[in-house]
Amino acid sequence: ILDNLIFLILVLFLDNFTNKLVVFGIFYLISNIPGAILLTFLMVKNFNFRPKFEFDILKKTILESLPLLGLVILTYVFMQADIIILKLFQSDVDVAIYSVAIRLSMPLIIIPSAITSSIFSLLVRKIRKNENYTSIVNTTIKLLILFAFGLFFLISFNSNQIIEIVFGAKYLASSLPLIILSFSLLFLFSNFFMIDFFTALGLQKINFKYSILLNLFVIPLNLLLIPIYSYYGASVAKVVSLFIGNWFLIWNIKKFIKINFSHFRILVWILFNLLFFYFLSGELNIFFLFIIESIIVILTILVFKIFTNDELIMIADLLNSRVLFDKMRIVKTK
C-alpha cells in the first residue's frame, strides 16, 4: 500500500516533465525504496534478521532455485512470443489490437496470486507435518476454476463495453481476441496454483518441464497461425498451450492427491450462468451489470452447493471471515 500510494502521488506530477518515460521509470524506482526499508526493519524487529553469508546454504539455495529460474525465463518467453511473432508477420495495428486484449486479460493473474498467497503458508505447514492436504488443494483448484469462469462470463458478454471504457472505441476489434484470452484464464488460474503446490513439495523440476512444454507448443502454433489468422491465431495458440500445460500439471498432481469434486454441479452452474449473462448483457450500465452478475455468480455457487460445508468453512477461515460460517460449524457438530 505504501509503495503504490507513493507511486500514485509521484505520477500525478508527471506532466511537469518533458522526458516522461524516463521520469516514470525513476518514479517507479523511488516508490519501491520506502517499502524495502520498511520490510527490512520489520524483519530485524520481528525475526532478529542479521545479514550473513553461509556458503553451504547459498549452494543449496542456488541448486534448488535453478529450475525456478528456468521457469521464470521460459514463462517470460511464453508471454512475449506471440507479440514478437505478430510483429514479424503482421502490421503495428494488429499488434496494438492484440496488445489491448493482452492488457485486459493477463493482469487478472493477480486473482490466483492473491488466493495462492493466502493458502501457501497453510499448505507448507501441512506438508511439513505430513498432514493430509487433499481437501485444501481440491478446494483451491475448484475456487480458481469458478473465479475464472465468472470472469470469462463477465468479459465475454461485455467485451465491447470494457474495451470502449478502458481504451476507446477505436480498439473494438480487440473484442474477440479478448474473449478468447479470457477463456485461457480457466487454465492459467489453476496452473498458477499447481506450480506453487509443486514448489511447496520441492518439485520445482516439474514446473520447469511445464514451462518447456508451453514453449514447445506456443511458438510453433504462433508461427503456424499468426501469418494466416493474425491476432486471432495468437489468442488461440495461447489457449491451446495453456490447456496442454494444464493437463500436464493435473497428470502430475494426481500422483499425490485425488482430484475430486462434482463436475455435474459445476456444469449446471456454468449453463445457468451462461443463460443469465446472455439475457442480461447489454441491458444495463457495465458497472451495475458487474455488481449484479457478481452477486448472481456467488449466490448460484451457494444455491447449487458447489462447495461443501467444510470447504466453505475453510475458505472463510482463509479469508478471515470465519464468523460468517459459524452456524455451519455448529450444525455440522450437532
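The values are calculated or read from the model by the stated rules, or taken from the named source; none is laboratory data. No experiment lies behind these values; they were computed from the predicted model shown. Cβ: placed from backbone, ideal geometry, glycine included. Neighbour counts: every protein chain shown. Quick note on the areas: whole protein, heavy atoms, side chains included, nothing else; ligands and nucleic acids left out. Shrake-Rupley method; radii C 1.70, N 1.55, O 1.52, S 1.80 Å.
Where in the chain are the DSSP H helices whose alpha-carbon span along the long axis reaches 15 Å or more and whose Kyte-Doolittle mean is at least 0.0? Span-like helices here: 20-47, 55-89, 92-105, 110-128, 134-166, 175-200, 204-253, 263-280, 286-303.
A 1.4 Å probe over all protein chains sorts Leu289, Leu63, Leu201 by accessible area into Leu63, Leu201, Leu289, starting with the largest. Ligands, DNA and RNA are left out, and with a 1.4 angstrom probe the accessible area of the chain is 59 Å² per residue. Note that the range 1-148 carries a Kirkwood radius of 20.3 Å, evaluated over its alpha carbons pair by pair. Spin-label model, Ser294/Ile228: points 7 Å from Cα along the beta carbon direction are separated by 4.1 nm.
I want the local charge near Ser99. Using Cβ-Cβ distances under 14 Å, sum +1 for each Lys or Arg and -1 for each Asp or Glu among the other residues. Don't skip to the end; give the middle numbers.
Values: positive: Lys87, Arg103, Lys170, Lys238; negative: Asp82, Asp92, Asp94.
Taking every Cβ under 14 Å from that of Ser99, the sum is +1.
Counting only protein heavy atoms and using a 1.4 Å probe, the accessible area of Ser121 comes to about 60 Å².
If you run the Gaussian network model on the chain, springs between alpha carbon atoms under 10 Å, then out of Arg50, Arg128, Arg103 the most flexible one is Arg50.
Over the chain, calculate the relative contact order: mean separation of alpha carbon pairs under 8 Å at least 6 apart, over the residue count, as a percent.
Contact order relative to length: 20 percent.
The charge dipole of the range 123-235, taken about its Cα centre with unit charges on the Cβ of Lys, Arg, Asp and Glu (plus for the first two, minus for the last two), comes to roughly 480 debye. In summary, the convex hull built on the alpha carbon positions of the range 171-243 has an orientation-averaged projected area of 5.0 nm². Each principal axis of the Cα cloud of the range 1-88 was taken in turn, and the coordinate range along them, longest first, works out to 49, 43, 19 Å. Surface composition of the chain: carbon plus sulfur atoms contribute 70% of the solvent-accessible area (1.4 Å probe, protein chains only, all chains present). What fraction of the Cα pairs in the chain, stated in percent, has a spacing above 25 angstrom? Tail of the P(r) past 25 Å holds 63 percent of the pairs. Remark: the range 130-217 projects, on average over all directions, an area of 7.3 nm² (convex hull of Cα atoms).
So what's Rg/Rh here for the range 40-97, counting alpha carbon atoms and using the Kirkwood radius for Rh?
Working: Rg = 20.7 Å, Rh = 15.4 Å.
That ratio is 1.34, to two decimals.
Across Ser118, Ser211, Ser156, mean-square fluctuation computed from a Gaussian network of the chain (C-alpha pairs under 10 Å connected) peaks at Ser118. Placing a label point 7 Å from the Cα of His263 along the Cα-to-Cβ direction, the residues of the range 121-149 whose backbone N falls under 15 Å from that point are 142.
Computed over the range 146-300, the alpha-carbon pair-distance distribution with 10 angstrom bins reads 10, 31, 32, 23, 4, each value a whole percent.
Name the residues of the range 46-63 whose amide N is less than 20 Å from a point 7 angstrom out from the Cα of Leu39 along the C-beta direction? Under 20 Å, as judged by backbone N against the label point of Leu39, lie 46-53, 58, 61-62 of the range 46-63.
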